[in-house]
Amino acid sequence: MSANDTTNNVSHLCGFAADPSTEKAWKTFVYSVIGLGSLLGNSLVILIIFKIRGMRSTMNYFILNMAASDLLFTVFVIPRVVSDLHSAPSRWFVGGVLGSFLCKFDFFIQDVSTAVSILSLVAIAIDRFYGVVFPMKAGLMSSGTFRRRILAATWFVSALFHLPYFYAYKLNDDALCLYDWSPFLDHKKASSVYFLIMSITLFFFPAIILTIVYSIIIITLKRQKFPGNQSVKDKKRVAKRNRSVLRMVVAVVIVFICCWLPFNVSMYIALFQWGSHVPCYASSLFFWVVFIAYSNGCISPCLYFIFNENFRQGFGKVFYRGGIRGSLRSNLRSTRRRTDDISLSTFERVRQQSI
């Protein structure tokens with residue numbers, strides 16, 4: 001569910017004028033920064049995983065899944081948010097059948113992408129759980145077929161939960177894209193119940209699962225004892241790798257929850273406490289909670305590069321060794337091969353003439 005309903009009510013009840021030009025400018029700037037950061041960061045993550053075969057692990061496929069969902073979120077959501085800053089809230093510039101479809105599909109993709117991200121985090125947690133707690137069963141999710149099914153399931157389940165958006169979002173008078181459960185349902189009751197179901201199912205319940213699973217993993221790693229026939233060097237290498245991966249995924253989980261928790265809590269307050277009596281500070285409140293939530297797509301790629309050495313090395317391989325320097329080396333090898341071929345053919349001619 002979008003926060004537009006609440007902010008629109010605030011503007012109407014409190015008699016707010018449109019944002020001053022300065023406020024519009026800095027809001028546009030900050031949204032543009034997180035949009036550009038998300039586009040560049042997630043595109044880079046996808047490129048590295050696709051280009052480098054050694055990066056195609058089970059966990060990285062789910063990271064790629066999250067990066068793809070964050071890209072979709074950025075492409076469909078950030079331009080609409082910036083447009084709302086400079087025009088009437090919920091203003092829609094495409095009319096007709098296409099406009100009606102885009103109105104529904106835009107908000108559908110927005111929340112499907114978020115759901116795919118948290119379901120991917122749950123899948124990563126289960127993969128890490130088996131790898132650490134039940135290492136003999138660690139290959140369960142490494143199967144290509146099984147992994148593809150889980151990846152597809154994150155999108156299918158997310159889409160299934162959000163199918164009601166194609167009814168609830170409506171294009172009114174070819175000009176406004178509004179969230180409205182009428183005429184078949186009472187809008188206030190239906191929107192409250194639907195948000196309650198979605199937030200519990202696709203945010204709070206997965207967050208509890210993630211907390212429990214990673215707590216078990218951390219405790220297991222602290223108690224972990226390696227077989228006596230392993231060398232000290234091997235033990236240190238395995239422990240270092242486990243700690244590095246664990247730090248990264250825990251950081252990603254914590255940031256995701258911290259980014260989206262304020263939004264969910266604010267929506268609960270708006271729906272179940274304020275009701276129709278929305279305070280005038282709600283507009284500013286919802287700008288910041290929405291901004292923090294949307295910034296998650298920009299922050300996550302940074303965490304991959306900060307905590308995971310493989311991503312940093314992958315960046316070097318793709319853009320340094322595989323870029324200008326790689327081209328120079330390739331050209332040098334080609335030149336050497338051509339020179340060797342010329343030298344060999346010249347030697348052959350001389351030898352033939354001497355015979």
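Every number in this text was worked out from the coordinates using simple rules, so none of it is lab data. Bear in mind that the values here come from a model prediction, so they are computed numbers and not experimental data. As a convention, Cβ positions derive from the backbone with ideal geometry for all residues, glycine included, and neighbour counts pool all protein chains shown.
Assorted remarks:
- Here segment 4-307 is described by how far its Cα atoms reach on the three principal axes: 74, 38, 37 Å, from widest to narrowest.
- The length gained by stretching the chain between ILE197 and PHE105 to full extension, at 0.36 nm per residue less their Cα-Cα distance, is 31.1 nm.
- Theoretical FRET efficiency, 1/(1+(r/R0)^6), r = Cβ-Cβ of LEU85 and PHE134, R0 45 Å, to 0.05: 0.35
- Diffusion coefficient (Stokes-Einstein, Kirkwood radius over C-alpha pairs, 20 °C, 1.002 mPa s) for segment 21-152: 126 µm²/s, rounded to a whole number.
- Subtracting the Cα-Cα distance of ARG223 and VAL255 from 0.36 nm times their residue separation leaves 8.9 nm of extension gain.
- Note on TRP288/LYS170: beta-carbon distance plugged into 1/(1 + (r/R0)^6) with R0 of 25 Å gives a FRET efficiency of 0.35.
- Positive end of the dipole of segment 4-307 (Cβ unit charges, origin at the Cα centre): among SER90, LEU36, VAL252, the Cα lying farthest that way belongs to VAL252.
- Stretch gain in nm, segment PHE315-SER143, where the contour uses 0.36 nm per residue and the Cα spacing is subtracted: 59.3 nm
- Computed from backbone phi, the HN-Hα couplings of segment 117-132 come to 4, 6, 5, 5, 5, 5, 4, 4, 4, 5, 4, 5, 4, 5, x, 9 Hz, rounded to whole numbers (Karplus: 6.51 cos²θ - 1.76 cosθ + 1.60, θ = phi - 60°; Gly and Pro given as x).
- Each label was represented as a point 7 Å from its Cα along the Cα-to-Cβ direction; for ASP186 and SER57 these points are 5.2 nm apart.
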